[in-house]
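First up is the structure itself, then whatever we jot down about it.
The values are calculated or read from the model by the stated rules, or taken from the named source; none is laboratory data. Because the structure is predicted, anything quoted here is derived from the model rather than measured. Cβ placement follows ideal geometry from the backbone for every residue including glycine, while neighbour counts extend to all protein chains displayed.
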Amino acid sequence: MGWSLTKTINTLRRELDALTSFQVVISYIVLITFLVIPLASILYKAFAGSEGFTLTFFESMFSDPRMVSPTPNLNFIVVEETPYYTYIGIGSKGPNFGIILNSIFVATVVTIIDLILGTIAAFIMARYDFPGKSIFRILLVVPLLATPFVNAYVIGKVLGRAGLLNLFIQNVLGLKNVIIEIAGLPAVILIQSLSFFPIVYLNALASFINIDPSMEEQAENLGAHGFKLFRTVTLPLAKPGIAAGATLVFIFSIEDLGAPIGLSGAFGHGLHQEVMSFYIYEQFKAALSLELVDPTVYAVAVVMLSIAIVGFLAIKKYISLRQYAMLSKGGRWNPRVRRPEPWKTAVIYVFLILLICVAAFPQFGVITLAFTDWAQSTLPTKFTLEYVQSLFEKGEVQVAIRNSLTYSILATLMIVLVGSSVAYVVSRRKVFGREMLDVLSTMPIAMPGILVGLGYIVFFGTFFAETPLDPFLYPGTLLIFTYTVRRMPFTVRSIFAGLQQTHVSLEEAAMILGASRARTFLTIALPLIAANVIGGALLSFVYCMNEVSTSLMLGSLDDTQAPITYLMSKLIYGSAAVGTVSITAALGVILMTLQITAITLSNYILKQRTAFLGV
């Protein structure tokens, strides 16, 4: 007993040197203060009544027909005859299950669609070699280029009553008296499915590539071929990556604000707004103070948080999320890649071309909106640089760009400091609590940003009023911290991967020659993983610039401190004004350009083919 205690004390004394102590302390302070406590404050608000613990808010939530409708409207397709035309509405008048069930319904359908599309696309890219494959590999991730709110508006321009779909039906097909409209929850499902399917694709692709070919060859020797081989061997072996991608899609769908807000610009108020994320956002935006917020909002937030936690635990069960760079240059085995027969090649081309054309048209539509007058007409009629030039002329736009750059640069510096500390402690030190540090640094990738923003308003607005951390006075300060914790996983996993590939003996040799651990870390470890630090920091920076949910929650408290994405949502809401949508699209082009640049540099630095793109 005494020997064991002495051994433990000696281990702690050896492991907890000055550098490690600093790294552990600073990492826990940042993650607990700016992630754990804000989320815990939502739980407190949801269960704390005037006389102590209560379930009243949950009871009122589940008894409210708007939340969980006992008689849902299931009019998925409505056909109405008018004296002038036949109206076919898909989703414009249903389904509507209530706000909570709507969110779960949308997320479930989106996950199923993306599971099918992403898995098929990944299997094709992993198992077949055909002309143009490298081009398709790039195009398949285009839908993940973030164009917040504008992509939903583009789909509205195409599928609305006066959209391109009806123009085609009336002028090409000759059905002059028919109008088709896709709106409501089906429109949200369509937008999210197009945006998120590459998440499943990238995860499934990594799993298919990493499968040991000998496993499938043994099954073939035993008589399994074709679909039976895929169903009984290949698919089960790829299950961890596919499950991780599907779970992330489900969580991202639940928290998505871009589709409801973007569709508001195209359709105005409608069933697309009857989801949990939009409900929480609208309630806090409308309230003048925390005291005026309906307590039911906190109960809804807890439901979202519970779903996210369950999803995160599901991911941890199937895959460790050790690295966000999903493709390596090869593998330990020769990949099972073959040239398909001519008819199979034709089927592959048809599937991939249709998938890319449908999934990537919102991004191309954003570019069209930015450089033409499409926002003011059914079809674009002229090319113009007016809206891009306005980015350099409008004070409101310049302020938003400056704010985003400032917050993102400062957040990236903090991410590098804390992220490198977390990665080094987890990979190199044997200290108590490093597993928890690993979980806390990974968890933000699966936490809805709207809940993090809500937690900041509740916690810092209550306990740090009239200080630099007061969200109602200085939301910009808190945006730096929320960007830090939300986008830290990209840098942590990149640095962790670098440390795993760098043998510890190089650091031990320096320490044997008299270098302190701090000096060894700064002069040996960091230079050896400099490419990983830079690559991870680039990805973190660009996704700080693209952060949506927390930017909307905190940015709405003070327009002068709001970032780009908040301004984009504001301009979409004001889309009745001439040019506001096109200015939003121009901002979207800037964000896409940043993403493409960062991904290209990251891939070049880290020698990767593809980097995982998060929301």
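Would a scan of segment 477-492 turn up a residue that is surrounded by fewer than 22 Cβ atoms within 10 Å (Cβ to Cβ) and either in contact (Cβ under 8 Å) with a residue 40 or more places away in the chain or over 30 Å from residue 521 (Cβ atoms) (or both)?
yes
Quick one: which residue in 167, 175 is assigned to a helix (DSSP H, G or I) and surrounded by fewer than 23 Cβ atoms within 10 Å (Cβ to Cβ)?
Exactly one of 167, 175 is assigned to a helix (DSSP H, G or I) and surrounded by fewer than 23 Cβ atoms within 10 Å (Cβ to Cβ), namely 167.
Could you please let me know if residue 397 is surrounded by fewer than 23 Cβ atoms within 10 Å (Cβ to Cβ) and assigned to a loop (DSSP other than H, G, I, E, B)?
Spelling it out, it is not the case that residue 397 is surrounded by fewer than 23 Cβ atoms within 10 Å (Cβ to Cβ) and assigned to a loop (DSSP other than H, G, I, E, B).
Exactly one condition in (1) hydrophobic (A, V, I, L, M, F, W, C); (2) in contact with a Ser or Thr (Cβ under 7 Å, 6 or more places away or on another chain); (3) surrounded by fewer than 17 Cβ atoms within 10 Å (Cβ to Cβ) is false for residue 107; which is it?
Here residue 107 meets the rest and fails (3).
Which of the residues spanning segment 220-274 are among the charged types (D, E, K, R) and either at pLDDT below 85 or closer than 22 Å to residue 546 by Cα (or both)?
Selection gives 220, 228, 231, 239, 255, 256.
Among 567, 552, 557, which is in contact with a Leu (Cβ under 9 Å, 6 or more places away or on another chain), of a type outside the set (D, E, K, R), part of a loop (DSSP other than H, G, I, E, B) and within 30 Å of residue 290 (Cα to Cα)?
557
Which members of segment 512-549 meet the condition of being free of Cβ contacts under 8 Å to residues at least 12 places away in the same chain and outside any helix (DSSP H, G or I)?
513, 514, 515
Please count how many residues of segment 195-219 are hydroxyl-bearing (Ser, Thr, Tyr), in contact with a helix residue (DSSP H, G or I) (Cβ under 7 Å, 6 or more places away or on another chain) and either modelled with pLDDT under 75 or surrounded by fewer than 24 Cβ atoms within 10 Å (Cβ to Cβ) (or both).
0
Taking segment 580-607 as the region of interest, how many residues are buried (at least 19 other Cβ atoms within 10 Å of the Cβ) and modelled with pLDDT under 60?
Summing the residues that are buried (at least 19 other Cβ atoms within 10 Å of the Cβ) and modelled with pLDDT under 60 in segment 580-607 gives 1.
Please state which one of 146, 152 is within 30 Å of residue 570 (Cβ to Cβ), touching a residue at least 40 places away in the same chain (Cβ under 8 Å) and in a helix (DSSP H, G or I).
152
Return a yes/no flag: does segment 4-19 have any residue that is surrounded by 14 or more Cβ atoms within 10 Å (Cβ to Cβ), at pLDDT 85 or above, out of contact with any His (no Cβ under 7 Å at 6 or more places or on another chain) and assigned to a helix (DSSP H, G or I).
No, the conditions are met nowhere in segment 4-19.
When only residues in segment 26-56 that are in contact with a strand residue (DSSP E or B) (Cβ under 8 Å, 6 or more places away or on another chain) and part of a helix (DSSP H, G or I) count, which is surrounded by the most Cβ atoms within 10 Å (Cβ to Cβ)?
The extreme case among them is 47.
Within segment 534-557, identify whether any single residue is polar (S, T, N, Q), surrounded by fewer than 20 Cβ atoms within 10 Å (Cβ to Cβ) and over 21 Å from residue 22 (Cα atoms), and answer yes or no.
yes
May I ask you to say which residue of 278, 284 is of a type in the set (Phe, Trp, Tyr) and at pLDDT 85 or above?
Criteria check complete, one pass: 278.
Of the conditions (1) in contact with a Ser or Thr (Cβ under 8 Å, 6 or more places away or on another chain); (2) over 14 Å from residue 36 (Cα atoms); (3) of a type in the set (S, T, N, Q), residue 441 fails just one. Which one is it?
All conditions pass for residue 441, except number (2).
Restrict the check to segment 168-186 and report whether at least one residue is at pLDDT 85 or above, within 21 Å of the chain's Cα centre (by Cα) and not hydroxyl-bearing (Ser, Thr, Tyr).
Yes, segment 168-186 has at least one match.
Residue 36: out of contact with any Leu (no Cβ under 8 Å at 6 or more places or on another chain) and modelled with pLDDT of 85 or more, yes or no?
no
Check 307, 353 and return the single one that is surrounded by fewer than 16 Cβ atoms within 10 Å (Cβ to Cβ), modelled with pLDDT of 80 or more and either assigned to a helix (DSSP H, G or I) or in contact with a strand residue (DSSP E or B) (Cβ under 8 Å, 6 or more places away or on another chain) (or both).
The match here is 353.
From the list 406, 412, 467, which residue is hydroxyl-bearing (Ser, Thr, Tyr), in a helix (DSSP H, G or I) and surrounded by fewer than 22 Cβ atoms within 10 Å (Cβ to Cβ)?
From the options 406, 412, 467, the qualifying one is 406.
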